[in-house]
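For reference, the structure is listed below as structure tokens.
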């Protein structure tokens, strides 16, 4: 393996006004991970470098960092797979969190949001007798088996585009954990959980960018868990939110007309909310100017709309 230049994020709040990149150049051993290379830097080149690590086996989640702009567990990331064409590897702390020092992020906000979703069972059935436990069938566990593999590394939170623009958003890790307990048959507070999760910053604020699914080092797929939370909320008739109304109105319009009417969708989704409707005015104006919306023309009639209506009815009956 040839020499590689590691561009490492450095920041000491006691001495630095702003972060900078320090470069270290050496030839890693064949089969080295990015964590192996960071350890080499710390143990042989610069012992002031600060970062988190523990198990080195993708179990503890301590070593999540951004490698070339994307969150990864550096203990399972082969350096040969991330070297850029110019022979460099850039390493940063995880995103969407304040930096304490160098590659160490402050995860206080992460844990606060995790705690907010009540990540524990709240059973309502009578407690089991002495020396017994709440039993669960294997098929019931499989409803949240993937979500239960979360190791709290924060990689999904790091690359979440919704959280980047809205700090109130609970984030993919907390919402995946919320699904894990909402889906648990031993829990007795599903409805109450969902009522809290439809509020601002909850399940409907995910924009489905899929970043969390791509960055997760396990098989959690947080975005899929969020979509399952939404399905739960709709089945529980928790539809008094903009997100839920958007889904139901979208489905209703397409089911009736065979095509989306973008004049009707925002008005019905936002409801009687003059402030929010006024906030949509710039988008509406641009849509008119670009020809996407033609306010003076009648709704477009779709040929064969009866087939769409039939499919819609069958899907509704099947749900």
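Throughout, read-outs are computed from the coordinates displayed, never taken from laboratory work. Since this is a predicted model, take the numbers as computed values, not measurements. Note: ideal-geometry Cβ built from the backbone for every residue, glycine included; neighbour counts use all protein chains shown.
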Degrees separating the helix 305-318 axis from the principal Cα axis of the chain, which is the longest one: 70
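Take the alpha carbon gyration tensor of segment 242-318, find the square roots of its eigenvalues, order them as a ≥ b ≥ c, and report rounded if a/c is under 1.5; if not, report prolate when a/b exceeds b/c, else oblate.
On the way: a/c = 3.43, a/b = 1.44, b/c = 2.38.
Oblate.
Nearest 500 deg cm²/dmol is fine: what mean residue ellipticity at 222 nm does the chain get from its DSSP H runs of n ≥ 4 alone, each adding -39,500 (n - 2.57), divided by its residue count?
On the way: 14 runs with 119 residues, N = 319.
Here the helix-only value at 222 nm equals -10500 deg cm²/dmol.
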Förster radius 41 Å - calculated FRET efficiency between residue 131 and residue 192 (Cβ-Cβ, nearest 0.05): 0.85
Cα-based helix-to-principal-axis angle, 222-235 vs the chain, degrees rounded to 10: 30
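How much length is gained on full extension from residue 306 to residue 285, taking 0.36 nm per residue of separation minus their Cα-Cα distance? Intermediate values should be presented prior to the final figure.
On the way: separation 21, 0.36 × 21 = 7.56 nm, distance 3.23 nm.
The residue 306-residue 285 span can extend by a further 4.3 nm.
Tell me, what does the Kirkwood hydrodynamic radius of segment 164-302 come to in angstroms if you use every pair of distinct C-alpha atoms?
Numbers: mean 1/r = 0.0590 Å⁻¹.
After inverting the pairwise mean of 1/r, the radius is 17.0 Å.
Find how much the distance from residue 76 to residue 23 grows on full extension, using 0.36 nm per residue of separation minus their present alpha carbon separation; answer in nm with one decimal. Please list the in-between numbers first.
Values: separation 53, 0.36 × 53 = 19.08 nm, distance 2.20 nm.
Additional length available on full extension: 16.9 nm.
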With Cα atoms, 0 to 90° folded angle of helix 242-257 axis to the chain main axis: 50
Descending Cα extents along the principal axes, segment 4-105, whole Å: 37, 29, 25
Rounded FRET efficiency, nearest 0.05, which uses the C-beta distance separating residue 250 from residue 293 and R0 of 22 Å: 0.90
Rel. contact order, % - alpha carbon contacts under 8 angstrom, at least six apart, segment 4-105: 34
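If the chain between residue 88 and residue 276 were fully stretched, how many nm would it gain, using 0.36 nm times the residue separation less the Cα-Cα distance?
Details: separation 188, 0.36 × 188 = 67.68 nm, distance 4.65 nm.
Net length gain for the segment: 63.0 nm.
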Given [x] 223; [y] 133; [z] 165, the label whose value is volume of the Cα convex hull per residue in Å³ derived from this model: [x]
